[in-house]
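Worksheet: the structure to be examined is printed underneath.
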Amino acid sequence: MSDYNFAYLDEDTKRMIRRALLKAVAIPSYQVPFASREMPMPYGWGTGGVQVTAACLKADDTLKVIDQGADDTTNAVSIRSFFQRTADVAVTECTQEASIIQTRHRIPEAPLHEGQIMVFQVPIPEPLRFLEPRETETRRMHALADYGLMQVKLYEDIAKHGEIATAYAYPVKVEGRYVMDPSPIPKFDNPKLDNSPALMLFGAGREQRIYALPPYTSVQSLDFEDFPFAATKADHSCTICGAVDSYLDEIITDDAGGRMFVCSDTSYCSERAAS
Amino acid sequence: MADILAGGFSNAPHQAAHAFRVALDAMARPGTRHCLETAKAPAPLSQAAATLLLTLADTTTPVYLAGACNTPDIQAWVRFHTGAPLAQADAAAFAIGTWEALAPLERFATGTAEYPDRSTTLIVELAEFGNDTHRLTGPGIDGEATAYLPGDRLARFPLGVDLFLTSGATLSALPRSTKIEAL
């Protein structure tokens with residue numbers, strides 16, 4: 001514990017990230033460049049989220065870390081123990097008890113409340129990147145709010161597949177201005193972003209970008225009048241807790257076609273199963 | 001000469017973390033008032049403004065001291081505690097002063113269309129928070145809120161300056177995303 005500064009990062013780095021975070025909150029969903037540091041874990045393991053969490057943590061926080069909804073998978077366990085070692089903060093698996101929730105690719109099922117901070121790990125923060133590889137061009141497109149290309153992409157989905165085939169990292173428009181990548185959360189979670197009472201922070205370490213959604217911000221999933229956005233999930237109930245309203249993981253149980261569907265949010269599922 | 005060595009953080013990692021979360025909460029919920037009182041700079045700088053400076057300013061962020069804040073004592077305090085270079089208004093990352101001393105706001109950077117984040121953050125020192133003068137709507141506000149503001153500011157979203165309002169140990173914020181309307 002005493003081998004590290006509080007929350008691992010040095011104070012200069014935390015100040016730099018904190019300034020970026022304040023700009024990000026002031027310009028909702030605009031991607032603020034920041035000088036991402038090398039972290040003691042590989043890119044792609046949540047280095048952006050870890051840096052944002054480190055810059056936000058204070059000693060009396062209660063931290064929850066989830067990976068695809070689960071508290072007990074490798075990424076979640078290692079990041080949680082990283083902050084237990086370097087910041088000595090309390091940790092929890094209960095969504096309601098947490099003051100900061102770092103997440104990889106899910107938003108918890110239990111409703112968030114005012115004062116909570118969600119920190120998302122983001123691999124590719126630029127929603128237009130797969131349509132236009134040049135940063136200079138995507139930056140100009142954001143400046144001009146020129147998002148026709150994204151609508152064409154969604155239209156081509158419909159022309160090819162009969163529906164918008166994007167199932168995760170489904171693009172959203174924030175406060176009628178910037179188009180934003182909500183990180184690879186399933187589109188089932190998109191409605192939870194809209195008008196949320198919690199503060200949402202997004203960190204992309206390799207891509208060196210930070211962006212944010214303040215509480216009570218309008219977040220609309222892109223769609224068409226005749227093909228409205230629909231949040232989808234597997235048409236089953238959870239085998240363990242019976243929930244019909246939660247996002248489900250499909251688990252293969254044998255090599256003869258056996259499968260089961262269980263809640264991806266382990267905390268939600270175990271609390272339901274216990275009660 | 002005031003004791004410019006005094007009034008800083010005694011435990012920087014924890015005090016800065018606490019102060020940042022207060023500032024983040026203020027920026028995320030425009031118009032709400034918060035308490036920030038850890039640092040103490042020479043008069044007339046408020047505790048809230050002094051604490052914000054220690055939390056956010058360093059050698060990479062030029063600071064502009066406006067009007068009555070531009071005293072040798074405060075210059076020395078800012079230099080010693082943050083290392084921030086003192087700069088003119090148009091080059092500042094942070095500018096501190098009363099509403100009157102900061103005017104005209106046109107001289108501060110509001111960012112560019114491609115990089116709206118390259119803007120000045122103003123720390124506006126108030127004698128006191130008066131009665132609510134404006135109705136606020138926009139991100140961070142559930143429906144609408146009312147707050148005391150010393151006046152209107154430039155905001156051509158996404159360009160604009162972000163404001164922290166400080167008085168004594170009280171802090172409030174007004175990001176550029178907030179739409180304001182006089183009551």
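Every number here is computed from the coordinates shown, using simple stated rules; none is lab data. Please read all numbers here as calculations on a predicted model, not as lab measurements. In this analysis, Cβ positions are derived from the backbone assuming ideal geometry, glycine residues included, and neighbour counts consider all displayed protein chains.
Residues in segment A:25-56 that are in a helix (DSSP H, G or I) and not polar (S, T, N, Q): 9 in all.
Among the residues making up segment A:156-181, those that are within 14 Å of chain B (Cβ to nearest Cβ), β-branched (V, I, T) and touching a helix residue (DSSP H, G or I) at 6+ places or on another chain (Cβ under 7 Å) are A:V172, A:V179. Within segment B:150-167, the set of residues being buried (at least 17 other Cβ atoms within 10 Å of the Cβ), over 22 Å from B:T60 (Cα atoms) and among the small types (G, A, S) comprises B:A155, B:S167. Only one entry in B:A50, B:A92 is within 30 Å of A:A87 (Cα to Cα), buried (at least 24 other Cβ atoms within 10 Å of the Cβ) and of a type in the set (A, V, I, L, M), namely B:A50. The set of residues in segment A:184-222 that are among the small types (G, A, S) and either without any contact (Cβ under 8 Å) to a residue 60 or more places away in the chain or closer than 19 Å to A:H142 by Cα (or both) comprises A:G203, A:A204, A:A212, A:S218, A:S221. On inspection, B:L45 fails the criterion of being within 14 Å of chain A (Cβ to nearest Cβ) and either out of contact with any Phe, Trp or Tyr (no Cβ under 7 Å at 6 or more places or on another chain) or crowded, with 20+ Cβ neighbours inside 10 Å (or both).
Kindly indicate whether A:T136 is among the hydroxyl-bearing types (S, T, Y) and either within 14 Å of chain B (Cβ to nearest Cβ) or over 28 Å from A:A198 (Cα atoms) (or both).
So A:T136 fits the description; yes.
May I ask you to list the residues in segment B:5-35 that are within 12 Å of another protein chain (Cβ to nearest Cβ), more than 14 Å from B:T51 (Cα to Cα) and basic (K, R)? Scanning segment B:5-35 gives a single hit, B:R29. Tell me yes or no: at least one residue of segment A:258-273 is among the charged types (D, E, K, R), farther than 29 Å from A:P133 by Cβ, surrounded by 17 or more Cβ atoms within 10 Å (Cβ to Cβ) and over 17 Å from the mean Cα position of the chain (by Cα). Looking for residues that are among the charged types (D, E, K, R), farther than 29 Å from A:P133 by Cβ, surrounded by 17 or more Cβ atoms within 10 Å (Cβ to Cβ) and over 17 Å from the mean Cα position of the chain (by Cα), one finds at least one in segment A:258-273, hence yes. Which ones in segment B:129-173 are out of contact with any Ser or Thr (no Cβ under 9 Å at 6 or more places or on another chain) and facing chain A (nearest Cβ under 9 Å)? Once the filter is applied, which keeps residues that are out of contact with any Ser or Thr (no Cβ under 9 Å at 6 or more places or on another chain) and facing chain A (nearest Cβ under 9 Å), segment B:129-173 yields only B:D142. If you check B:A109, B:A147, B:A103, B:A127, which single one turns out to be in contact with a helix residue (DSSP H, G or I) (Cβ under 8 Å, 6 or more places away or on another chain) and either surrounded by 15 or more Cβ atoms within 10 Å (Cβ to Cβ) or more than 18 Å from B:P62 (Cβ to Cβ) (or both)? Being in contact with a helix residue (DSSP H, G or I) (Cβ under 8 Å, 6 or more places away or on another chain) and either surrounded by 15 or more Cβ atoms within 10 Å (Cβ to Cβ) or more than 18 Å from B:P62 (Cβ to Cβ) (or both) holds for just one of B:A109, B:A147, B:A103, B:A127, which is B:A109.
Right, B:T71: over 15 Å from the mean Cα position of the chain (by Cα), within 15 Å of B:T121 (Cβ to Cβ) and surrounded by fewer than 20 Cβ atoms within 10 Å (Cβ to Cβ) or not?
It is false that B:T71 is over 15 Å from the mean Cα position of the chain (by Cα), within 15 Å of B:T121 (Cβ to Cβ) and surrounded by fewer than 20 Cβ atoms within 10 Å (Cβ to Cβ).
Among the candidates B:A84, B:A127, B:A89, the residue that is touching a residue at least 40 places away in the same chain (Cβ under 8 Å), more than 22 Å from A:T217 (Cα to Cα), of a type in the set (A, V, I, L, M, F, W, C) and out of contact with any Cys (no Cβ under 8 Å at 6 or more places or on another chain) is uniquely B:A127.
Would you check if there is a residue in segment A:25-39 being basic (K, R) and more than 8 Å from every other protein chain (Cβ to nearest Cβ)?
Yes - at least one qualifying residue is present in segment A:25-39.
Those strands (runs of 3 or more DSSP E) of segment B:115-183 in which at least 1 residues are more than 16 Å from the chain's Cα centre (by Cα), considering only elements entirely within it, cover B:134-137, B:145-147, B:179-182.
Within segment B:1-12, the set of residues being of a type outside the set (F, W, Y) and out of contact with any Lys or Arg (no Cβ under 8 Å at 6 or more places or on another chain) comprises B:M1, B:A2, B:D3, B:I4, B:L5, B:G8, B:S10, B:N11, B:A12.
Conditions tested, residue by residue: (1) within 14 Å of chain B (Cβ to nearest Cβ); (2) of a type in the set (S, T, N, Q); (3) more than 20 Å from A:G46 (Cβ to Cβ).
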position: A:Q208; (1), (2), (3): yes, yes, no
position: A:Y211; (1), (2), (3): yes, no, no
position: A:V219; (1), (2), (3): yes, no, yes
position: A:S237; (1), (2), (3): no, yes, yes
position: A:C241; (1), (2), (3): no, no, yes
position: A:I252; (1), (2), (3): no, no, yes
position: A:S267; (1), (2), (3): no, yes, no
position: A:S270; (1), (2), (3): no, yes, yes
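Within segment A:1-14, identify whether any single residue is at the interface with another protein chain (Cβ under 9 Å from one of its Cβ atoms), touching a helix residue (DSSP H, G or I) at 6+ places or on another chain (Cβ under 7 Å) and in a helix (DSSP H, G or I), and answer yes or no. Yes, segment A:1-14 contains a residue that is at the interface with another protein chain (Cβ under 9 Å from one of its Cβ atoms), touching a helix residue (DSSP H, G or I) at 6+ places or on another chain (Cβ under 7 Å) and in a helix (DSSP H, G or I). Against the condition of a type outside the set (S, T, N, Q), in a helix (DSSP H, G or I), more than 7 Å from chain B (Cβ to nearest Cβ) and farther than 30 Å from B:T110 by Cα, how does A:A20 come out, does it pass? No; evaluated as a whole, the condition is false for this residue. Can you find a residue in segment A:68-78 that is assigned to a loop (DSSP other than H, G, I, E, B), among the charged types (D, E, K, R), surrounded by 18 or more Cβ atoms within 10 Å (Cβ to Cβ) and away from every other protein chain (no Cβ under 12 Å)? Yes, because at least one residue in segment A:68-78 is assigned to a loop (DSSP other than H, G, I, E, B), among the charged types (D, E, K, R), surrounded by 18 or more Cβ atoms within 10 Å (Cβ to Cβ) and away from every other protein chain (no Cβ under 12 Å).
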